[in-house]
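The values are calculated or read from the model by the stated rules, or taken from the named source; none is laboratory data. Not measured: the values here are computed from a predicted model. Note: ideal-geometry Cβ built from the backbone for every residue, glycine included; neighbour counts use all protein chains shown.
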Amino acid sequence: MSETSILVGLKAPDPAAMTALSTLMRISPETAPLHLSRYDHWRFTGPGAVREFVSELVSHYTDIVNPNKQTWSFFEGETDPILTDPGMTWAAVLVTDRVDSISENWTGILGRRHRGVESVGYSVLWRLGFSRSVSLEDARDRTMTMAVTTHRDRGLLANPVSQLIELLGTSKT
């Protein structure tokens, strides 16, 4: 069984990430990140879900990656270079809807057309960059505090009632 993941980002500045960063700075100025980015995270699993095949899928289906406005790269998980960008302390959170029609629909589409893909998973990856003076442990705590919505002025990026939240590795570079 193979599994291949990709990250898809906008070529232009991401308005959702800019709005979220502005809001976090307003509601938690002392702990807000200095940088916030958002990516669509796609996970393909099945015996044929190898890099070459996923690359072909991505070039064929512009609903997954629109080359006019998006870029993409393979995602290696906790060890991916995107999580260890130089100069900051980084943390990331992967947010997945518990009831996910995007994943179900793409699993159906690709399952009918390409027997090698058994499932498709769609999530959003939020990457938060903090000052280098912030410890790894503090970056993890701040990320979860800012990500998980618990009331009006705490948390913003994920709702634990309807979404699964996975904190990915932190790094200091």
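Annotations for the structure displayed:
- When ILE102 is tested against (1) within 23 Å of PRO15 (Cα to Cα); (2) not in a helix (DSSP H, G or I), just one condition goes unmet, and that condition is (2).
- Selected residue (criterion: farthest from THR19 (Cα to Cα)) from residues of the stretch 33-54 that are at pLDDT 95 or above and aromatic (Phe, Trp, Tyr): PHE44
- Take the conditions (1) among the aliphatic types (A, V, I, L, M); (2) under 30 Å from SER135 (Cα atoms); (3) in contact with a strand residue (DSSP E or B) (Cβ under 8 Å, 6 or more places away or on another chain); VAL117 misses just one of them, which is (2).
- Filtered residues of the stretch 21-57 (kept if touching a strand residue (DSSP E or B) at 6+ places or on another chain (Cβ under 6 Å), of a type in the set (A, V, I, L, M) and crowded, with 17+ Cβ neighbours inside 10 Å): LEU21, LEU36, ALA49, VAL54
- Taking the stretch 51-61 as the range and being in contact (Cβ under 8 Å) with a residue 60 or more places away in the chain and either under 21 Å from the mean Cα position of the chain (by Cα) or under 13 Å from THR107 (Cα atoms) (or both) as the test, only LEU57 passes.
- When the stretch 107-116 is filtered for residues that are modelled with pLDDT of 90 or more and either surrounded by 15 or more Cβ atoms within 10 Å (Cβ to Cβ) or touching a helix residue (DSSP H, G or I) at 6+ places or on another chain (Cβ under 8 Å) (or both), only THR107 remains.
- Answer residue from the stretch 72-106, given it is surrounded by 13 or more Cβ atoms within 10 Å (Cβ to Cβ), modelled with pLDDT of 90 or more and of a type in the set (Val, Ile, Thr) and is farthest from the chain's Cα centre (by Cα) among those: THR89
- Residues of the stretch 7-52 that are hydrophobic (A, V, I, L, M, F, W, C), within 14 Å of SER119 (Cα to Cα) and outside any loop (DSSP other than H, G, I, E, B): TRP42, PHE44.
- Condition check for THR4: among the hydroxyl-bearing types (Ser, Thr, Tyr), surrounded by 12 or more Cβ atoms within 10 Å (Cβ to Cβ) and at pLDDT 95 or above: yes
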